[in-house]
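Chemist: Take this structure first; my questions come after.
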Amino acid sequence: MGFGDLLEQVGSTGRFQILHVTLLSIPVLMMASHNLLQNFVAAVPPHYCRAHTNLSQFQLSPEETLLITVPLDHNGKPQKCQRYVAPQWHLLANNGTAGSGEREEAGDADLQGCTDGWSYNMTDMSSTIISDWHLVCDLRSLKQMGQTIYMGGVLVGAFVFGALSDRYGRRILLLFSNLLMAVSGTCAAFSPSFSLFCLFRFGCGMALSGLGLNTFSLIVEWIPTRVRTVVGTLTGYCYTVGQLILAVIAYFIRDWRWLTLAVSLPFYVFFLYSWWFHESSRWLVLSKKSEQAIKNLKSVAKFNGRREEGEKINIEMLQESMIKEMSCAKGSYSVLDLFRTPTMRTMTVCLSAVWLSTSFAYYGLAMDLQKFGVDIYLIQVIFGAVDIPAKIVITVSMSFIGRRPSQCGALIIAGITIFINLLVPYDKQTVRTCLAVMGKGCLAASFNCCYLYSGELYPTIIRQNGMGWVSMMARVGAMVAPMVLLMGDYIPWLPGLIYGGAPILSGLAAIFLPETLGSPLPDTIQDVEDRGSGRSSKKSPKEAIVLQDTQENFLKQAA
């Protein structure tokens, strides 16, 4: 009997699993809100230098004040970071309209920075972190730095919570992550300074990793293999719907502090009901807590209406069902084993490129909605909605065409659409937006594909290390993405070139990955090497000894 058979005995798709998966998936709806919150709390309102203080004694309209205070840029719009040293009163001639002569004369006037601060046009929003802390002109790079710090928290959280969950359990770390997200989000909403805001956003990023890792583990470890694909897809769609929910919340809450608080408060509720969750029985057995594992299984059986079947479970039955899992856990494998052998090394390098470029380009597009010149609430809805058909198309493609061509195609098409967007004139906003939406959809499809593809490529014995490594590469890409946008201040077309080139190069690298459609999951590193060389697989001596020793230990404990 395997553990899957034991799960079937207590009910693998009963009322417990339905309620369990539902309650775990609800917080995923709000995870997208924190990931993409920067689009709204850090939106840059139209701004220009504040007028000279001595102008307040004159009865001038806002238009007249702007005319004599701020020069025009080459596009004929008020400059954002400079003003005249002295008011240009002569520009008020001809009933407030200046001729070319006056404009040329004013163009020779001395200019200075915004020494008295800035004036903001807050038509669309009542406040943002940009207007509150004046993150414009010389400080404009701090906007992107804030998102990079948040993504740094996601990266650190992956290391910290990944290790702690294997040591202390999924449930307790999920509880802590919910509380950390709630508290950090609340503190960020009331931050008196930008530095404290970044600190608490770093905490939100860490919490996001803890939520994602432990939610996924608790879901898959309490459901049978046959429904994992369906459940995984439905959970993924929760994140997609979460993008739409963010747009709706942000539309009605235009103040950044209240918006941040609104997407953080639900995590207090999630923290409270998370106490109901059962710890993974698989983890409990691997942590030598078999009695608690049996107690949890009997509780699940009772909840599913199978009390009698649950009472039959004992220590010997549980240990026998976990022999294979224990053999994997006893092996001395590390991240270094991802690079030791030729096929594993090639596979890891190619997958690293795929994950890094997918995340890099995805957040490069999704985190700068204002550049499309379209209402940011509308574009957020469109960007979120495109994930729905994109994930359907890639799922069908993976099932009939294969994983490798689907992965390559999604990345290359995404890169091409970003490249084409560079050639479209800036005033063609509809065309630019359509191309960006198509590219974002392809990148969302690539994410959907690489999660499944990577899990099928890495062997059971080291799959957790492999998925942790590529997940880390994705977070590195997400951290770098906001900083690349800063290059656009000097070379406008350079960010698009980088965002488009990265997925094309990684799409070509994915060609070197083996196809896994219809293939059995590899259990050992030797299985992967044999698949790469075309030989039949068999266990390596090292892994065979581990399995034999584990079986002997279990038999001794049972006796």
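Chemist: Would you point out which residue out of Arg531, Arg475 is in the same structural domain as Ile401 (by the TED database), crowded, with 19+ Cβ neighbours inside 10 Å, among the charged types (D, E, K, R) and at negative phi?
Modeler: Arg475
Chemist: Conditions: (1) assigned to a loop (DSSP other than H, G, I, E, B); (2) at pLDDT 85 or above; (3) within 24 Å of the chain's Cα centre (by Cα). Val335 meets all but one. Number of the miss?
Modeler: (2)
Chemist: Okay, next question. Of these, Trp258, Trp283, which one is surrounded by fewer than 17 Cβ atoms within 10 Å (Cβ to Cβ) and touching a residue at least 40 places away in the same chain (Cβ under 8 Å)?
Modeler: On the way: Trp283 fails: surrounded by fewer than 17 Cβ atoms within 10 Å (Cβ to Cβ).
The unique qualifying residue is Trp258.
Chemist: Another one. Report the residue count in the stretch 206-236 for those that are crowded, with 16+ Cβ neighbours inside 10 Å and in a helix (DSSP H, G or I).
Modeler: Qualifying residue count, the stretch 206-236: 19.
Chemist: What number goes with the only condition from (1) open to solvent by 10 Å² or more (accessible area, probe 1.4 Å); (2) farther than 20 Å from Leu443 by Cα that Leu338 does not pass?
Modeler: Condition not satisfied by Leu338: (1).
Here is a yes/no grid of residues against (1) crowded, with 16+ Cβ neighbours inside 10 Å; (2) in contact with a strand residue (DSSP E or B) (Cβ under 9 Å, 6 or more places away or on another chain); (3) not β-branched (Val, Ile, Thr):
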site: His20; (1), (2), (3): yes, no, yes
site: Pro27; (1), (2), (3): yes, no, yes
site: Arg50; (1), (2), (3): yes, yes, yes
site: Asn75; (1), (2), (3): no, no, yes
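Chemist: Considering only residues of the stretch 23-47 that are part of a helix (DSSP H, G or I) and either touching a His at 6+ places or on another chain (Cβ under 7 Å) or β-branched (Val, Ile, Thr) (or both), which is farthest from Leu234 (Cα to Cα)?
Modeler: By that ranking, first place goes to Val41.
Chemist: What residue, among those in the stretch 468-510 that are hydrophobic (A, V, I, L, M, F, W, C) and either touching a Lys or Arg at 6+ places or on another chain (Cβ under 7 Å) or not in a helix (DSSP H, G or I) (or both), is modelled with the highest pLDDT?
Modeler: Ala510
Chemist: Considering every residue within the stretch 402-412, establish whether at least one is without any contact (Cβ under 8 Å) to a residue 40 or more places away in the chain, open to solvent by 70 Å² or more (accessible area, probe 1.4 Å) and not polar (S, T, N, Q). Let's see the steps before the verdict.
Modeler: Here is the first cut: in the stretch 402-412, the ones without any contact (Cβ under 8 Å) to a residue 40 or more places away in the chain are 405.
Now restrict to residues that are open to solvent by 70 Å² or more (accessible area, probe 1.4 Å): none.
Among the residues of the stretch 402-412, not one is without any contact (Cβ under 8 Å) to a residue 40 or more places away in the chain, open to solvent by 70 Å² or more (accessible area, probe 1.4 Å) and not polar (S, T, N, Q), which makes the answer no.
The values are calculated or read from the model by the stated rules, or taken from the named source; none is laboratory data. This is a predicted model, so every value here is computed, not measured. Glycine gets a Cβ as well: all are built from the backbone with ideal geometry, and neighbour counts include every protein chain shown. We work out accessible area using only protein heavy atoms, side chains counted, and drop any ligands, DNA or RNA first. Shrake-Rupley method; radii C 1.70, N 1.55, O 1.52, S 1.80 Å.
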